[in-house]
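**Student:** Supplied in structure tokens, the structure appears directly below.
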Amino acid sequence: QVRLVESGGGLVQPGGSLRLSCAASGSRFRINAMGWYRQAPGNQRELVATIPSGGKPNYADSMKGRFTISIDLAKNTVYLQLNSLLPEDTAVYYCYVATSISSYWGQGAQVTVSS
């Protein structure tokens, strides 16, 4: 069973930064892609960014330039650097991992942007 452990969420003021991490363990199959989605109260879950193993990242248009996704395949860990945060970025951020046979979600990390 694949286990995803997220960390790095919290409360930050507008304009601030946070770094989320998600470490995957237990997979017997190759990881094809990792990424992040988010869900704000009353909204559907939406794409933040994904990155395929050995490929280029893909960002939601509204998050380009402020957020940066990176991956460390040796550690099976994906990171999300959140800069210039806005109150509307407040949401639960979910880690996502796709292997050759299935996909998995993390438990979610709360990010709250408020003064």
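**Student:** Restricting the search to segment 40-67, which residues are within 17 Å of Val97 (Cα to Cα) and not small (Gly, Ala, Ser)?
**Tutor:** Arg45, Glu46, Leu47, Val48, Thr50, Ile51, Pro52, Lys56, Pro57, Asn58, Tyr59
**Student:** Still on this model: Out of Ala49, Ala40, report the one residue that is open to solvent by less than 40 Å² (accessible area, probe 1.4 Å), closer than 12 Å to Cys95 by Cα and modelled with pLDDT of 95 or more. Break it down into steps so the answer makes sense when it comes.
**Tutor:** Numbers: Ala40 fails: closer than 12 Å to Cys95 by Cα.
Selected residue: Ala49, the only one of Ala49, Ala40 that is open to solvent by less than 40 Å² (accessible area, probe 1.4 Å), closer than 12 Å to Cys95 by Cα and modelled with pLDDT of 95 or more.
**Student:** Let me ask another. Could you look through segment 52-73, keep only residues that are open to solvent by less than 30 Å² (accessible area, probe 1.4 Å) and of a type outside the set (S, T, N, Q), and pick out the one that is modelled with the lowest pLDDT?
**Tutor:** Going through segment 52-73, the residues open to solvent by less than 30 Å² (accessible area, probe 1.4 Å) turn out to be 53, 60, 63, 67, 69.
With the extra rule that they be of a type outside the set (S, T, N, Q), the set shrinks to 60, 63, 67, 69.
Values: Ala60: 93, Met63: 87, Phe67: 97, Ile69: 96.
Per the stated criteria, the residue is Met63.
**Student:** Quick one: in segment 74-101, which of the residues that are more than 15 Å from the chain's Cα centre (by Cα) and open to solvent by 50 Å² or more (accessible area, probe 1.4 Å) is farthest from Tyr37 (Cα to Cα)? Even if it seems obvious, please write down each step before you answer.
**Tutor:** First, the residues of segment 74-101 that are more than 15 Å from the chain's Cα centre (by Cα): 74-75, 84, 86-88, 99-101.
Imposing the further condition that a residue be open to solvent by 50 Å² or more (accessible area, probe 1.4 Å) reduces the set to 74-75, 84, 86-88, 100-101.
Values: Ala74: 22, Lys75: 20, Ser84: 18, Leu86: 16, Pro87: 17, Glu88: 14, Ser100: 20, Ile101: 20 Å.
My answer is Ala74.
**Student:** Please find, within segment 103-115, the residue that is surrounded by the most Cβ atoms within 10 Å (Cβ to Cβ) out of those that are touching a residue at least 24 places away in the same chain (Cβ under 8 Å) and within 20 Å of Ile31 (Cα to Cα). I'd like the intermediate steps shown before the answer.
**Tutor:** So the first thing to find is which residues in segment 103-115 are touching a residue at least 24 places away in the same chain (Cβ under 8 Å), and the list is 104-115.
Narrowing further to those that are within 20 Å of Ile31 (Cα to Cα): 104-108.
Values: Tyr104: 18, Trp105: 14, Gly106: 23, Gln107: 12, Gly108: 18.
Ranking the qualifying residues of segment 103-115, first place goes to Gly106.
**Student:** Is there a residue in segment 19-37 that is at pLDDT 95 or above, more than 25 Å from Ser102 (Cβ to Cβ) and open to solvent by 30 Å² or more (accessible area, probe 1.4 Å)?
**Tutor:** For segment 19-37, residues at pLDDT 95 or above, more than 25 Å from Ser102 (Cβ to Cβ) and open to solvent by 30 Å² or more (accessible area, probe 1.4 Å): present.
The values are calculated or read from the model by the stated rules, or taken from the named source; none is laboratory data. Worth saying up front: this structure is predicted, and the values here are computed from it rather than measured. Quick reminder, even Gly has a Cβ in these numbers, built from the backbone with ideal geometry, and neighbours come from all protein chains shown. Heads up: the accessible areas ignore ligands, DNA and RNA and are worked out on the full protein's heavy atoms, side chains in. Shrake-Rupley method; radii C 1.70, N 1.55, O 1.52, S 1.80 Å.
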